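Please read the structure below before turning to the comments.
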Amino acid sequence: MHYSKEFNELIETSIESYQYIGLGNPNAKILIVGKEAGSPIGVESTHGGGTAWKNKVDYSTRFKPIEDNLRSRRHTWQKYQKLYEIILDKLKIEEKVQKEEEYEITFVENIFTTELSNLPAPKTSEAKKQENFKAELEKRKVVFWKSEFIKQFPIVIIVALDNKYIETYSGEVCELFGVKFSHQNICESSDKCWIHYAEENKKGVLPKMVIHARQLTNGASNELLDKIAEEVKEFIERYSLNIVVK
């Protein structure tokens, strides 16, 4: 797999600052951002960390889940998979929709994922009780979110409506990703997403869209997934982006 200069720089920075990087394809055009990895508190996870990436572990290979929780339709990655499939369907990219097994994870081929928090926890309620939770969030905003690697993604989807992690409305999202709030999409279920864009006419600014919505597990509506996918599809078509990188 090709590593860009920006990704190699992030790997080194992440190893030095003990920052989690993520999973999926680092050459992707779409970045999905969750709250935190679901590992036990206090257990150092090497899965998706800087050292693993430096050792050329390939996290962009599709796989068939074995663990029962990964095979649940409510699991976070199955929700990411469903969103990915809706996007592909809207774009009529049929060859990438095919799977060998119902719960097979394929979105990692063309999407990169990471987390707002550097600290893993099985549940959000437990994550926020950690003594260094707030300090680690602030540190990550400097050493991770401001990296050139993160800046290069034209499509960012943040699935976390919790002011303890990131401001729900436009302020902090705009500051972190260099975008301006555009509009809100509201579902009949009351789910909603906030849409942001980079300033198109500003010299040197590349097209970028940031979508901010609720966590996709625990009752997120199918309508919300469809609205997010439609926004992504329209943006891809507007700028003739090729999201198939593998």
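The values are calculated or read from the model by the stated rules, or taken from the named source; none is laboratory data. Please read these numbers as outputs of a predicted model, since none were measured by experiment. Ideal geometry is used to build each Cβ from the backbone, glycine not excepted, and the neighbour counts take in all protein chains shown. Areas reflect the complete protein model, heavy atoms only, side chains present, ligands, DNA and RNA absent. Shrake-Rupley method; radii C 1.70, N 1.55, O 1.52, S 1.80 Å.
Brief remarks on what is shown
- Full extension of the segment from SER39 to LYS246, taken as 0.36 nm per residue of separation minus the current Cα-Cα distance, would add 71.7 nm.
- For the range 1-57: relative contact order, % (alpha-carbon pairs under 8 angstrom, 6 or more apart): 48 percent
- Taking all pairs of distinct alpha-carbon atoms in the range 58-176, Kirkwood radius in angstrom: 16.5 Å
- Shape of the range 112-235, Cα gyration tensor, a/c cut at 1.5: oblate
- LYS146 versus ILE186: modelled label distance in nm, points set 7 Å from Cα along the beta carbon direction: 3.7 nm
- Stretch in the chain that is longest and holds no GluC sites (Glu not before Pro) that DSSP places in a loop and that have at most 16 other beta carbons within 10 Å: 201-246
- Bridging of LYS129 to aspartates and glutamates at a Cα separation below 19 Å is possible for GLU36, GLU44, GLU115, GLU138, ASP162, GLU167, once same-chain residues fewer than 8 apart are set aside.
- Alpha-carbon centroids, the range 26-66 and the range 84-126: separation in whole Å: 12 Å
- If you sort the three axes of the alpha carbon gyration tensor as a ≥ b ≥ c, you get a/c of 1.5 or more for the range 92-160 and a/b no higher than b/c, which makes it oblate.
- Cα gyration tensor, the range 1-101 - rounded (a/c under 1.5), prolate or oblate: oblate
- Spacing of the two label points (7 Å from each Cα toward its C-beta) at ASP89 and GLU234, in nm: 1.9 nm
- For trypsin sites (Lys or Arg not before Pro), the sites in the range 23-107 that DSSP calls loop and that have at most 12 other Cβ atoms within 10 Å are LYS56, ARG73, ARG74, LYS92.
- Straight-line reach from LYS54: taking Cα to Cα under 23 Å and skipping same-chain neighbours fewer than 8 places apart, the lysines in range are LYS5, LYS29, LYS139, LYS141, LYS146, LYS151, LYS246.
- Carbon plus sulfur fraction of accessible area for the chain, probe 1.4 Å, in percent: 49 percent
- The range 1-98 - percent relative contact order, Cα under 8 Å, separation 6 or more: 25 percent
- Taking ASP58, ASP162, ASP68 as the candidate residues, the one with maximal mean-square fluctuation in a Gaussian network model of the chain, Cα springs under 10 Å, is ASP68.
- Using the Cβ-Cβ distance between GLU223 and VAL97 with R0 set to 22 Å, the FRET efficiency from 1/(1 + (r/R0)^6) comes to roughly 0.60.
- For mean projected area of the Cα convex hull in nm², computed directly from the structure shown, the correct entry in (1) 13.0; (2) 14.3; (3) 23.1 is (1).
- A crude spin-label estimate for the pair ALA135 and ILE15, with each label 7 Å from Cα along the Cβ direction, gives 2.6 nm.
- Mean sequence separation of contacting Cα pairs (under 8 Å, at least six apart), scaled by the length of the chain, corresponds to a relative contact order of 25 percent.
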